[in-house]
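K.L.:
Following this message is one structure expressed as structure tokens.
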Amino acid sequence: MDRCIVLVDAGYLLGAAASLLAGEPSRSRITVDHTALVQGLRERAEADTERPLLRIYWFDGAPDRVPQPEHRRLRVMPRVTVRLGALTRSDGRWAQKGVDAAMHAELTELARNRACSDVVLVTGDGDLLPGMMAAKEHGVAVHLWAVQAADGDYNQSEDLVAEADERRVLDRTWITQAVRAKEPGGVCAPPPVPRPEIAAILSAPLPEPSLPAATDVPAAEPEQVPGAVARGGPQERGQAPKGVPTPKDVAALRAPGAQSVHQPAGATLRWSSDKGWVDRPVAAETTEAASLPTLAQLTTAEQRWADREEDITTVGGDPYEVGEVFARRWTGRLTDPAHLQRLSGMYPRVPHRIDGELLRYAARFGLLAHKDDQIDEQDRYAIRAGFWREIDQRTATPHTPVGN
């Protein structure tokens, strides 16, 4: 068939682009306009091969082969098919598994079935040499594309270069049409839009310890303290109740069979926020939060389908944006305006039921995953900050962070 097909090793293409533009092969150092990149690949392939494009195959790795936000955007683009291998972490480094094998299998199958007359390979891995040779034996012309090397040398297998029918180099000018290097420190830099909420939360001072005086805390009897040693040696006594328990402490106190003697009178919840440490009575918070519906309760089957379409085609996956989208849907489907005012009055704490649903929604976009063996807490702050910004716009009662 007189058509061309492009097989892209995303690890090579974006890693080499990062080396060229940012000085190191980490893809976190660059931003990619995938729409512009795909369009550029299509136009260049059709010009070089003088054949219409049949399809672009995008090969990449992902943790547990779960599509990441960029994969979700790519796979709904016209003439683009995404194939995912595994992304594993070993000795502190991420490595793709199964991507080369998938490219080899696809290349061989396309050539055997005469699905195209020309194949463009954007890769540098010599493991594809057998597949390239097999494609040539089936009468397919193989075009090998390289990304301009940062040091001016080869960043491809010399065997691949020698075996290819045609070779082209994607230079810096072509790459920068769709790829940009982040500013120094851009990986941890704040987003372009000022977000003082996040910085204020992260810089909130820790509370002073607030334990009741020893004379105010009655000594617990051995039988009242779980885990107390009943025989031999000094007895182990449980810790005195804190003046302001954490949510975990309150949950334990409210559990079935919990000793009511342990619950301090007038207990409050305390959490960090952009206003410092905020206290709220336990009973009032629980009652208010329980009265608010979740997004799932407000969403019809038709809306759920439309939400998924929007997530795939429109939502980029930025944590701040994710919070805004969730809040927009929740507020737009409320039937009782009092719910919105009630939620606004709970600022800065998102009620537990809604917060859990919000974070589960964010997980669809690959957020909240383990990064460098640590959970990215700043993503959580950004998600909640985006949520509250949307709520503020709906209620016209902005919550101003401290110092602003």
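The values are calculated or read from the model by the stated rules, or taken from the named source; none is laboratory data. This one's a predicted model, so the numbers in the text were calculated from it and none came from an experiment. In this analysis, Cβ positions are derived from the backbone assuming ideal geometry, glycine residues included, and neighbour counts consider all displayed protein chains.
K.L.:
Given the residues Arg42, Arg73, which is the only one that is in a helix (DSSP H, G or I) and without any contact (Cβ under 8 Å) to a residue 40 or more places away in the chain? Write out each step before concluding.
P.N.:
Values: Arg73 fails: without any contact (Cβ under 8 Å) to a residue 40 or more places away in the chain.
Within the list Arg42, Arg73, the selection yields Arg42.
K.L.:
For segment 143-163, what are the residues that are hydrophobic (A, V, I, L, M, F, W, C), within 20 Å of Gly40 (Cβ to Cβ) and over 32 Å from the mean Cα position of the chain (by Cα)?
P.N.:
Result: Leu144, single match.
K.L.:
Continuing with this model, one more query. Hey, can you tell me all the residues within segment 73-88 that are closer than 19 Å to Asp33 by Cα and under 18 Å from the mean Cα position of the chain (by Cα)?
P.N.:
Residues satisfying the conditions are Arg73, Leu74, Arg75.
K.L.:
While we're looking at this one, here's another question. Go through segment 62-86 and give me each residue that's in contact with a Leu (Cβ under 7 Å, 6 or more places away or on another chain) and either of a type in the set (S, T, N, Q) or more than 19 Å from Ala363 (Cβ to Cβ) (or both). Can you show your working first?
P.N.:
First, pick out the residues of segment 62-86 that are in contact with a Leu (Cβ under 7 Å, 6 or more places away or on another chain): 62-63, 65, 67, 71, 79-80, 82.
If the condition is that a residue be in contact with a Leu (Cβ under 7 Å, 6 or more places away or on another chain) and either of a type in the set (S, T, N, Q) or more than 19 Å from Ala363 (Cβ to Cβ) (or both), then Arg79, Val80, Val82 are the ones that fit.
K.L.:
Just the residues that are modelled with pLDDT of 85 or more and not aliphatic (A, V, I, L, M), please, taken from segment 382-404.
P.N.:
Taking segment 382-404 and keeping what is modelled with pLDDT of 85 or more, we get 382-394.
Of everything in segment 382-404, those that are modelled with pLDDT of 85 or more and not aliphatic (A, V, I, L, M) turn out to be Arg384, Gly386, Phe387, Trp388, Arg389, Glu390, Asp392, Gln393, Arg394.
Yes or no, residue by residue, for (1) within 15 Å of His143 (Cα to Cα); (2) of a type outside the set (Gly, Ala, Ser):
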position	(1), (2)
Cys4	yes, yes
Asp9	yes, yes
Gly15	no, no
Gly23	no, no
Ser28	no, no
Asp33	no, yes
Ala36	no, no
Arg51	yes, yes
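K.L.:
Right, something else. Could you say whether any residue in segment 277-286 is at pLDDT below 80, surrounded by 15 or more Cβ atoms within 10 Å (Cβ to Cβ), β-branched (Val, Ile, Thr) and not in a strand (DSSP E or B)? Spell out how you get there, then give the answer.
P.N.:
Of the residues in segment 277-286, the ones at pLDDT below 80 are 277-286.
Those still in the list that are surrounded by 15 or more Cβ atoms within 10 Å (Cβ to Cβ) too: 278, 280, 282, 285-286.
From what is left, the residues that are β-branched (Val, Ile, Thr) are 278, 282, 286.
Still in the running and not in a strand (DSSP E or B): 282, 286.
Looking through segment 277-286, at least one residue is at pLDDT below 80, surrounded by 15 or more Cβ atoms within 10 Å (Cβ to Cβ), β-branched (Val, Ile, Thr) and not in a strand (DSSP E or B).
K.L.:
Another question about this same structure. Here is a list: Ala86, Ala95, Ala101. Which entry is modelled with pLDDT under 95 and in a helix (DSSP H, G or I)?
P.N.:
Details: Ala86 fails: in a helix (DSSP H, G or I); Ala95 fails: in a helix (DSSP H, G or I).
That would be Ala101, the only listed residue that is modelled with pLDDT under 95 and in a helix (DSSP H, G or I).
K.L.:
Is there a residue being touching a Gly at 6+ places or on another chain (Cβ under 6 Å), under 28 Å from Asp2 (Cβ atoms) and surrounded by 19 or more Cβ atoms within 10 Å (Cβ to Cβ) anywhere in segment 87-106?
P.N.:
yes
Every residue, every condition in (1) hydrophobic (A, V, I, L, M, F, W, C); (2) in a helix (DSSP H, G or I); (3) modelled with pLDDT of 95 or more, yes or no:
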{"site": "Thr108", "(1), (2), (3)": "no, yes, no"}
{"site": "Val119", "(1), (2), (3)": "yes, no, yes"}
{"site": "Gly124", "(1), (2), (3)": "no, no, no"}
{"site": "Leu128", "(1), (2), (3)": "yes, yes, no"}
{"site": "Gly131", "(1), (2), (3)": "no, yes, no"}
{"site": "Ala134", "(1), (2), (3)": "yes, yes, no"}
{"site": "Gly139", "(1), (2), (3)": "no, no, no"}
{"site": "Val142", "(1), (2), (3)": "yes, no, yes"}
{"site": "Ala146", "(1), (2), (3)": "yes, no, no"}
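K.L.:
If you go through segment 45-62 one residue at a time, how many are touching a strand residue (DSSP E or B) at 6+ places or on another chain (Cβ under 8 Å) and either in a helix (DSSP H, G or I) or without any contact (Cβ under 8 Å) to a residue 24 or more places away in the chain (or both)?
P.N.:
Here the count works out to 4.
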